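The values are calculated or read from the model by the stated rules, or taken from the named source; none is laboratory data. Everything numeric in this text was worked out from a predicted model, so none of it was measured. Note that each Cβ is placed from the backbone with ideal geometry, even for glycine, and that neighbours are counted across all protein chains shown. What goes into the accessible areas is simple: the full protein's heavy atoms, side chains included, and nothing from ligands, DNA or RNA. Shrake-Rupley method; radii C 1.70, N 1.55, O 1.52, S 1.80 Å.
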Amino acid sequence: MTTTTNYLACPTEIVEAPVGVVWKLLTNLSGWGSIFDFRVTSVEPPGPAVKGQRMLGEKGPRWLHLGMSFEYTLIDETHYKLELDARFPFGITVHEAMDCVPLENGRCRVNYHCHFGFSGGWRGRLMRILLSRGLKTSPADSLQRLKRAAEQEHRARKAEKSEA
């Protein structure tokens, strides 16, 4: 089955947390279920992010079990860059590239590039039409979820330090 990039979404957010907090959340696949809108079912190999690490998960109501997979294709800890390939139901693929840029005052900017691909023919065109709204909103929603999780984690760390 051949897929082509039929849609590109590139949201960016300023996160009120240090880049290290965001990076830790992005490189912990087993914790993604608490941030993003799906259930993690397995991570191989377990542990910190490495190129080739793969996560399997499910989306949708518990009775539906729509399978998804994510695999890291690049982990650049020095420059806070990662890339991964995702496979979603109905032949949808996504190449995701994210980078985190440290900013002043303990903040960072997260850039998220989603290259959506659909199978050829009428099925791919139909899926693109049916999902057109989600192609625009899902990457931005995922980035907002990451932002909230990082900022909450950062506030909790600051509160712990001030109590000590």
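What to note about this one:
- Label-to-label distance, Lys158 versus Lys51, with points set 7 angstrom from Cα along the beta-carbon direction: 3.7 nm.
- Across all Cα atoms of the chain, the radius of gyration (one decimal) and Dmax (whole number) stand at 16.6, 61 Å.
- Apportionment of accessible area to carbon and sulfur, the chain, percent (1.4 Å): 54
- Residues Glu104 and Arg39, FRET efficiency given R0 of 45 Å [Cβ-Cβ distance, rounded to 0.05]: 0.75
- A 1.4 Å probe run over region 34-164, with the rest of the protein chains in place, finds 60 Å² accessible per residue.
- Modelled label positions at Arg133 and Lys24, each set 7 Å beyond Cα in the direction of Cβ, lie 3.7 nm from each other.
- Kyte-Doolittle mean at least 0.0, axial Cα span of 20 Å or more - DSSP H helices of the chain: none
- Accessible area per residue was computed with a 1.4 Å probe on protein heavy atoms; Thr137 scores about 70 Å².
- Contact order relative to length of region 28-164, as percent, for alpha carbon pairs under 8 angstrom and 6 or more apart: 13
- Under 20 Å from a label point set 7 Å out along the Cα-to-Cβ vector of Leu126, the amide N atoms of region 63-100 belong to 66-67, 88-93.
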